[in-house]
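The values are calculated or read from the model by the stated rules, or taken from the named source; none is laboratory data. This one's a predicted model, so the numbers in the text were calculated from it and none came from an experiment. A quick note on method: Cβ atoms are made from the backbone with ideal geometry, for glycine too, and the neighbour counts reach across all protein chains shown.
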Amino acid sequence: METNPQYCPENIGFSTSLKVGRKAKPEGTIVNIEGVKIGGTEVVIIAGPCAVESREQLFETARAVRNGGAKILRGGAFKPRSSPYNFQGLGEEGLKLLGQIRKEIGLPVVTEVMDTRQVELVSAHANMLQIGSRNMQNYPLLKEVGMSRKPILLKRGMMATIEEFLLAAEYILNQGNDQVILCERGIRTFETSTRNTLDLSAVPMLKRLSHLPVIVDPSHGTGLRWMVPPMAKAAVAVGADGLIIEVHYKPEEAICDGHQSLDHDDFINLMTDLKKIAEAVNREISLPDPS
């Protein structure tokens, strides 16, 4: 029976001809963030608060996620918000806090950069630069972070196709930087019961089309705290190389996105479950020795 070529990944031109395509590097790319390698056998967990709010909040959360098994700390110093009246982040003060906590806790840091003028500043404090959903097609910014040579966490645009997502990554690779991680964080559909529709089918598709590591953000993908654990487990089951999860020491007091943030106990419980899922699909998650 004849198949519809529209659904054949090999017919998508960028999969064979561009730097981001799987054929450009069949063995796959491993992204190295200060010794933490994403894209290998280990499923790497990135965790921390949506936004940096205070030293106490960041320190307590960083310590908890490290003790739970996270390998990289996330935290937003600059926050793109839909309303100009919402909390926009602490800016440079937040970056300095991230840098301090990084040294004290010993976790590499990823934080968002929103503007070409911020790249040098953010790079001075962070080990990995995040390009958020709203900036996935900000081509001058993609070129700038490509030239920075820092590892890049590129989030899928909320209305982007797989092709558009990979072509955005191509802008970064085209500047000579192949240390790029693709992040599925949910897309906007007609469904309103969740914040976004978490497209887990994107994980195996991206890994088939591209050599870049793929991680999943179940926090933004659902917007609901109780949905984060099952979707995180499902992401590992379908082949994600890592997860980025929002964790807050007091979610009910969070300035932003507390409704989708796990507390410390929830995070530790989830990590135990994720380890079992990873082992079932021949991957691994290394947890600290409880003793």
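Of all residues in the range 41-55, those satisfying the criterion of being without any contact (Cβ under 8 Å) to a residue 60 or more places away in the chain and surrounded by fewer than 20 Cβ atoms within 10 Å (Cβ to Cβ) are Ser54, Arg55. When residues in the range 194-233 are screened for being touching a Pro at 6+ places or on another chain (Cβ under 6 Å) and of a type in the set (A, V, I, L, M, F, W, C), 4 of them pass. A single member of Leu90, Leu166, Leu97 is of a type outside the set (D, E, K, R) and free of Cβ contacts under 8 Å to residues at least 40 places away in the same chain, and it is Leu90. Restricted to the range 48-75, and to residues there that are β-branched (Val, Ile, Thr) and out of contact with any Asp or Glu (no Cβ under 9 Å at 6 or more places or on another chain), the residue that is farthest from Gly106 (Cα to Cα) is Thr61.
In the set (1) at pLDDT 95 or above; (2) in contact with a helix residue (DSSP H, G or I) (Cβ under 9 Å, 6 or more places away or on another chain); (3) exposed (fewer than 14 other Cβ atoms within 10 Å of the Cβ), the condition left unmet by Glu104 is number (1). Taking first residues from the range 222-240 that are closer than 15 Å to Cys183 by Cα and partners that are of a type in the set (Lys, Arg) and crowded, with 18+ Cβ neighbours inside 10 Å, the Cβ contacts under 8 Å between residues at least 6 apart in sequence or on separate chains come to Thr222/Arg195; Val236/Arg283; Gly239/Lys207. Which helices (runs of 4 or more DSSP H) does the range 79-170 wholly contain that include 2 or more residues that are touching a His at 6+ places or on another chain (Cβ under 8 Å) and over 30 Å from Ser210 (Cβ atoms)? Answer list for the range 79-170: 92-105. Of all residues in the range 129-171, count the ones that are β-branched (Val, Ile, Thr), touching a helix residue (DSSP H, G or I) at 6+ places or on another chain (Cβ under 7 Å) and surrounded by fewer than 24 Cβ atoms within 10 Å (Cβ to Cβ). Number of matching residues: 1.
Would you call Glu279 among the charged types (D, E, K, R) and in a strand (DSSP E or B)? Against the criterion (among the charged types (D, E, K, R) and in a strand (DSSP E or B)), Glu279 does not qualify. The residue that is farthest from Pro151 (Cα to Cα), among those in the range 56-87 that are crowded, with 16+ Cβ neighbours inside 10 Å and at pLDDT below 85, is Lys79. The conditions of being touching a Gly at 6+ places or on another chain (Cβ under 7 Å) and closer than 25 Å to Leu154 by Cβ are not met by Val238. Among the criteria (1) surrounded by fewer than 17 Cβ atoms within 10 Å (Cβ to Cβ); (2) within 14 Å of the chain's Cα centre (by Cα), the one Val203 does not fulfil is (1).
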